[in-house]
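The values are calculated or read from the model by the stated rules, or taken from the named source; none is laboratory data. Quantities reported herein were computed from a predicted structural model and do not represent experimental measurements. Cβ atoms come from the backbone with ideal geometry, glycine included; neighbour counts cover every protein chain shown. Surface accessibility is based on the protein's heavy atoms, side chains included, excluding ligands, DNA and RNA. Shrake-Rupley method; radii C 1.70, N 1.55, O 1.52, S 1.80 Å.
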Amino acid sequence: STPSLALRIAEEIGKRTPSILKKLAEEKKSLKLKLGSFITRLVSIKPRHIFKKLRIGFFTAESLDPYRCMLQDLWGLEAFDLYGFTEGFGVGYECSEHNGLHFPSLNCILEIIPESELKKEENNPDYAPKTVLLSEAEKGLTGELVVTDFKEALPLIRYRIRDLVKIVQTDECSCGCFSPKLKILGRSDDIVNMGVIRFSSTSVNQ
């Protein structure tokens, strides 16, 4: 799910559960359901009270960090961030230690345009910024993510995703993964991402 949608669903569950229980109690003439309906009017119902077997949640399309604690409390699960982009596919998944996203490159080549190169391009629009292979990038380097993949239908060659990232780790992670680990910092363009809705910030002023 997207984090905001999961929060919205949790809100509706809390809001609608009392009336649903009351209706069921009347239909089935159940004293137990009547008692449950009464209790839910006194105690705030959360999804974790109903879906007790949920353990892990995967969230994408929005930054998970602002919502993580709230989602974990409401749903009673461990939340993980997934990274993908509209034109391609999911390429990043959160480390089990929750300190960055692993980017395996089994079917793609990942590069990064360092911030210093981005500044050169900003000063000179005709300048072609140089990239560094993600596997050869130094820890702490920040820049823009670039992807080359090998899909048959829509291959992408050195495609600039316009997301800014920071290299967290390139050697073996303590979780056992060998793929590079990144942190998503934000956008390098003016696109505002609201989950399923994306628009340019310049359109707000028009």
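Summary of computed values
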read-out	value
Criterion violated by F103 - all others in (1) under 30 Å from L54 (Cβ atoms); (2) at pLDDT 95 or above satisfied	(2)
Tally, over segment 27-72, of residues that are touching a helix residue (DSSP H, G or I) at 6+ places or on another chain (Cβ under 7 Å), assigned to a helix (DSSP H, G or I) and closer than 29 Å to L185 by Cα	3
Subset of segment 20-33 that is of a type in the set (A, V, I, L, M) and open to solvent by less than 90 Å² (accessible area, probe 1.4 Å) - its residue that is nearest to L71 (Cα to Cα)	L21
Residue satisfying condition, being part of a loop (DSSP other than H, G, I, E, B), at pLDDT 90 or above and under 23 Å from the mean Cα position of the chain (by Cα), within set K183, K166, K130, K139	K139
Matching entry among T131, T142 (being surrounded by 14 or more Cβ atoms within 10 Å (Cβ to Cβ) and touching a Lys or Arg at 6+ places or on another chain (Cβ under 6 Å))	T142
Filtered residues of segment 105-127 (kept if in contact with a strand residue (DSSP E or B) (Cβ under 8 Å, 6 or more places away or on another chain) and either farther than 21 Å from R187 by Cβ or in a loop (DSSP other than H, G, I, E, B) (or both))	N107, I109
Yes/no for L7 being in a helix (DSSP H, G or I), under 18 Å from the mean Cα position of the chain (by Cα) and farther than 24 Å from D163 by Cα	yes
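Yes or no, residue by residue, for (1) hydrophobic (A, V, I, L, M, F, W, C); (2) closer than 30 Å to F150 by Cβ; (3) open to solvent by 40 Å² or more (accessible area, probe 1.4 Å):
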| residue | (1), (2), (3) |
| --- | --- |
| P18 | no, no, no |
| L35 | yes, no, yes |
| I45 | yes, no, no |
| H49 | no, no, yes |
| M70 | yes, no, yes |
| D73 | no, no, yes |
| G84 | no, yes, no |
| P104 | no, yes, yes |
| L118 | yes, yes, no |
